[in-house]
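Remarks on the structure that follows.
Please treat every number below as a calculation from the coordinates, not as lab data. Everything numeric in this text was worked out from a predicted model, so none of it was measured. Please note: Cβ atoms are built from the backbone with ideal geometry, for glycine as well, and neighbour counts cover all protein chains shown.
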Amino acid sequence: MGIGMALNLQKHLASKGLPPLRYSNRTLSRGETLREAGGLPERDFETLLLKSSVIFTMISNNEVLDSLVSKFLDTWNSALLEGKIWVDTSTVHPDTAAKCSERLAKVGATFVASPVFGASPMAAAGQLIFAMAGPSAAIEKLRPFVVNVMGKIIIDMGEDVRKSSLLKISGNIFVIGFQELTAEAQVFAEKTGLGTRQMEQFIRDIYGPVIESYSKRMTTGAYAPPLGTPPGFAVSLAAKDAGHAVRIAEEHGESLDSSSIYGAARLEASLPFWNENSRQSN
């Protein structure tokens, strides 16, 4: 899971006198803030699995999730895996979620597909929205560790884990569309002399903090961060998420219009790709 989610969960566990959150990552140093908050680092994913009864994952794509499930099944015998709950908060294809659920069920483990809605500020504030699908008993067991801890609400998608993945992918269609509209509005504001600051205030007051956060990624230059600085959200991940939506739409005889990004919208308005706060201007 993301660092904001993990910190909130660790703080909750500590406040209740419960055992600390165990965590692992390919780059373990990224969890230093979590360790300082009382979390316990584990050297590898296999050890983490053995020592945990509930496992949260957030990974980059279908292949990584599938490989982690394979490690889970290949490393330990079924007697050690029975009763464990695996909660995946990633954006993966519905078929991948279904496959993982089926594989884990064979050894008595439970899979809960639980992609989340909300950017990093919402995660830090414990205001994420969890779209959960899986056995109802597992979801109820997870609820006290999610609602008012990492998220503000659980959308119960029933037992079919495909449904939560579909909702997340559907939600991403909105995200892409909102980003296009926001980019076009901010370029219009800059081009006409209205001003991006005033437009951003309007966006915040009328449409709320979520759309405002998309605007800030543009006006602060975050859409083109300094060289050597990791992006807030990698292009490869955005392409993966959009690809899921496009492929599923095609499978059902639908089409999705492609969206623009802020820099491209600026070019179309005869403005430079870079704004005054982006990489090229610093």
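A few comments on the model shown:
- FRET efficiency estimate (nearest 0.05) - Cβ-Cβ, SER53 to GLN198, R0 51 angstrom: 0.50
- Potential lengthening of the chain between THR75 and TRP274 amounts to 66.7 nm, from the contour at 0.36 nm per residue minus the alpha-carbon distance.
- The chain - mean residue ellipticity at 222 nm from DSSP helices (-39,500 (n - 2.57) per run, n ≥ 4, rounded to 500): -16500 deg cm²/dmol
- Relative packing of peptides 74-85, 39-50 - highest average C-beta neighbours within 10 Å first: 39-50, 74-85
- Mean separation of Cα contacts under 8 Å (6+ apart) over length of region 3-159, as relative contact order %: 19
- For the pair ALA125 and LYS152, label points projected 7 Å from Cα toward Cβ lie 0.7 nm apart.
- Euclidean distance between Cα centres, region 79-156 to region 1-74, Å: 14
- Whether region 112-199 is rounded, prolate or oblate, judged on the alpha carbon gyration tensor where a/c under 1.5 counts as rounded: oblate
- Computed from Cα positions, the angle between helix 62-75 and the longest principal axis of the chain comes to roughly 20 degrees.
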